[in-house]
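A.B. asks: My structure is below; once you've seen it, I'll send some questions.
The values are calculated or read from the model by the stated rules, or taken from the named source; none is laboratory data. Just so it is clear, the model here is predicted, and its values are computed rather than measured. Here the Cβ positions follow ideal geometry from the backbone for every residue, glycine too, while neighbour counts run over all protein chains shown.
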């Protein structure tokens, strides 16, 4: 029996299109994630409105239901990031309060997983075209980028504890022209980006014990 990997993420992992051979992307997200590794059975709990708080609400139950969970892939923070883009203005105290709450919830998730001897694999935020995001936000491109960087720095710092595995989406994709990795909606990552991230994920999963 294969060991299992528990997946918690937003749109990126809900609609993952690694090595996709059909146009029915949403129906094949599970199969596409499964192509990343033959070592694990994929249990994908990703949803477009996922937050760290929601994961906390479902986590214990999901672990009870499933057996032989070895790893958990976590790609969280995008919805918390987008919630801040709805502000007309944002001061540092509000920004830090939201990020601090998110990180505390994330730490609770990691504590639960590690107490069950489940290895967390942490992905940073997805990659975005800040100019495109600014079209639907009252915040400037500079402020959006600053908020994004603060989220990612906090996630990276969190991953540094206990030698947790980190997949830095921004670092992996920053060598690409942003227009080459963004889908037609101007926000989501396209198949090229998913394939690049899929290769990075494959390397980590296939080397995890």
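A.B. asks: Please work out which residue is surrounded by the fewest Cβ atoms within 10 Å (Cβ to Cβ), limiting yourself to the range 17-47 and to residues that are modelled with pLDDT of 70 or more and under 21 Å from residue 195 (Cβ atoms).
C.D. replies: Selected residue: 39.
A.B. asks: If I ask for residues that are in a helix (DSSP H, G or I) and touching a strand residue (DSSP E or B) at 6+ places or on another chain (Cβ under 8 Å), which ones from the range 60-74 would you list? Walk me through how you get there before you give the answer.
C.D. replies: Our first condition is that a residue be in a helix (DSSP H, G or I); within the range 60-74, this holds for 60-65.
Passing the criteria: 62, 63.
A.B. asks: Now for a different question. Assess whether residue 152 counts as being over 20 Å from residue 9 (Cβ atoms), crowded, with 17+ Cβ neighbours inside 10 Å and in contact (Cβ under 8 Å) with a residue 24 or more places away in the chain. Steps first, answer last, please.
C.D. replies: On the way: over 20 Å from residue 9 (Cβ atoms): no; crowded, with 17+ Cβ neighbours inside 10 Å: yes; in contact (Cβ under 8 Å) with a residue 24 or more places away in the chain: yes.
When the stated conditions are applied, residue 152 does not pass them.
A.B. asks: Considering only the range 117-134, I want to know if a residue exists there that is more than 21 Å from residue 190 (Cα to Cα), touching a residue at least 60 places away in the same chain (Cβ under 8 Å), part of a loop (DSSP other than H, G, I, E, B) and touching a helix residue (DSSP H, G or I) at 6+ places or on another chain (Cβ under 9 Å).
C.D. replies: For the range 117-134, residues more than 21 Å from residue 190 (Cα to Cα), touching a residue at least 60 places away in the same chain (Cβ under 8 Å), part of a loop (DSSP other than H, G, I, E, B) and touching a helix residue (DSSP H, G or I) at 6+ places or on another chain (Cβ under 9 Å): present.
A.B. asks: Does residue 206 fit the bill of being surrounded by fewer than 16 Cβ atoms within 10 Å (Cβ to Cβ), out of contact with any helix residue (DSSP H, G or I) (no Cβ under 7 Å at 6 or more places or on another chain) and at positive phi?
C.D. replies: no
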